[in-house]
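The values are calculated or read from the model by the stated rules, or taken from the named source; none is laboratory data. Just so you know, these numbers come straight off a predicted model, no measurement behind them. In this analysis, Cβ positions are derived from the backbone assuming ideal geometry, glycine residues included, and neighbour counts consider all displayed protein chains.
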Amino acid sequence: MKAPRIGFLDPGRDYVRVKVGFSWPAFFFGAMWASAKKLWGALFLMLLVEIGLYALGAAAQAQRSMPLVLVQLAIQLAYALARGFFGNAWWRASLRRRGYQVYVEKRDAVT
């Protein structure tokens, strides 16, 4: 079963379809995904979070603290899940801000 998608049409008649639901590319690729989708605000925040997580991981390794390593891993997993759950919504909001309009495809009626 295919995931439902929402279509967007910009004034220049460019058409984009955005999946509804979890974004696996945002989950796995984070900042690279945000850059590819031109989500500059999200990209900036993702880079800040990733720098903070890197610093936390480095501090945990330097102190050889297993609880701190586990906290860092839990935060990293929660961060990746948040990217996945909210990624497509961020992309849809960005398209709307750039002037894209929601486009409803006309389908043939079933008789």
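Assess whether GLN76 counts as being polar (S, T, N, Q) and either under 15 Å from the mean Cα position of the chain (by Cα) or not in a helix (DSSP H, G or I) (or both). Judged against the criteria, GLN76 is a match. For LEU9, the stated conditions hold: it is under 27 Å from ARG96 (Cβ atoms), over 19 Å from the mean Cα position of the chain (by Cα) and surrounded by 13 or more Cβ atoms within 10 Å (Cβ to Cβ). Consider region 1-32. How many of its residues are hydrophobic (A, V, I, L, M, F, W, C) and part of a loop (DSSP other than H, G, I, E, B)? Counting residues in region 1-32 that are hydrophobic (A, V, I, L, M, F, W, C) and part of a loop (DSSP other than H, G, I, E, B) gives 4. ALA59 meets the conditions (1) exposed (fewer than 15 other Cβ atoms within 10 Å of the Cβ); (2) touching a Pro at 6+ places or on another chain (Cβ under 9 Å) in every case but one. The failed one is (2). Per the listing LEU70, LEU53, the residue uniquely over 23 Å from the mean Cα position of the chain (by Cα), over 25 Å from GLY7 (Cα atoms) and assigned to a helix (DSSP H, G or I) is LEU70. State whether one or more residues within region 13-20 are closer than 23 Å to VAL104 by Cβ, among the acidic types (Asp, Glu) and surrounded by 12 or more Cβ atoms within 10 Å (Cβ to Cβ). No: region 13-20 contains no residue that is closer than 23 Å to VAL104 by Cβ, among the acidic types (Asp, Glu) and surrounded by 12 or more Cβ atoms within 10 Å (Cβ to Cβ). Among the residues of region 35-52, is there at least one that is hydroxyl-bearing (Ser, Thr, Tyr), over 19 Å from ARG98 (Cβ atoms) and either modelled with pLDDT under 95 or surrounded by 13 or more Cβ atoms within 10 Å (Cβ to Cβ) (or both)? No. Scanning region 90-98 turns up one or more residues that are part of a helix (DSSP H, G or I), free of Cβ contacts under 8 Å to residues at least 40 places away in the same chain and of a type in the set (A, V, I, L, M, F, W, C).
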